[in-house]
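Values quoted throughout were computed directly from the atomic coordinates according to the rules given, and no laboratory measurement underlies them. In this text the structure is predicted, and so the values were computed from the model without any measurement. Quick reminder, even Gly has a Cβ in these numbers, built from the backbone with ideal geometry, and neighbours come from all protein chains shown.
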Amino acid sequence: MVSASAYFAEMKTGGRSKGAAKKDTKEALKPVDDRKIGKRKVAAKPSKPKATKAKKDPNKPKRPPSAFFVFLEEFRKTFKKENPNVKAVSAVGKAGGEKWKSMSAAEKAPYEAKAAKKKAEYEKLMNAYNKKQESSADQGDEGSERSGSEVHDEEEESDHDDDDEDEE
């Protein structure tokens, strides 16, 4: 018969002997080596096909620069002359931005006028471009305005009508 103390000792160690319990504690105190164990890998998610961007038309006119960018074109030239050793684009941009903020509305006016002129030219080019796109799209759609499925449905209906006439 097993004594009560031996029974409870066995229950504490999960039914293992005392020697096995000591081994477990020693292993728990050792540093874990990830290379031996291996890390869990995340389950691969089913990849969705990425939405592809519409390809840019190389014939489409470029958008016009804003008043700030018109100013920056001129500022860049003067900044390079004054600071030939500065090569960073960010430095030119920061200096130009600070100068633009410090300028009054009267000082900005000539740049805004140039930007407005460039915008008007852009709108003319875009109108011409859009007309050209519409005309080329019209040539591609020479058929009717109905979709192919509508035409197909009508063909099936006419086939059924012919069958009904044969039965009479």
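What the table shows:
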quantity	calculated
Inter-site label distance for Lys132 and Trp100 at 7 Å from Cα along Cβ, in nm	3.0
Restricting the stretch 66-106 to trypsin sites (Lys or Arg not before Pro) in coil, as DSSP defines it, with at most 10 other Cβ within 10 Å	Lys87
Flagged links, alpha-carbon separation over 22 Å, of Lys55/Lys114; Lys55/Lys118; Lys55/Lys131; Lys60/Lys124; Lys62/Lys119; Lys80/Lys117	Lys55/Lys114; Lys55/Lys118; Lys80/Lys117
Qualifying GluC sites (Glu not before Pro) in the stretch 54-147, DSSP loop, other Cβ atoms within 10 Å at most 15	Glu142, Glu145
Residue-count net charge about Ala120 - beta-carbon cut-off 15 Å; Lys, Arg +1, Asp, Glu -1	+4
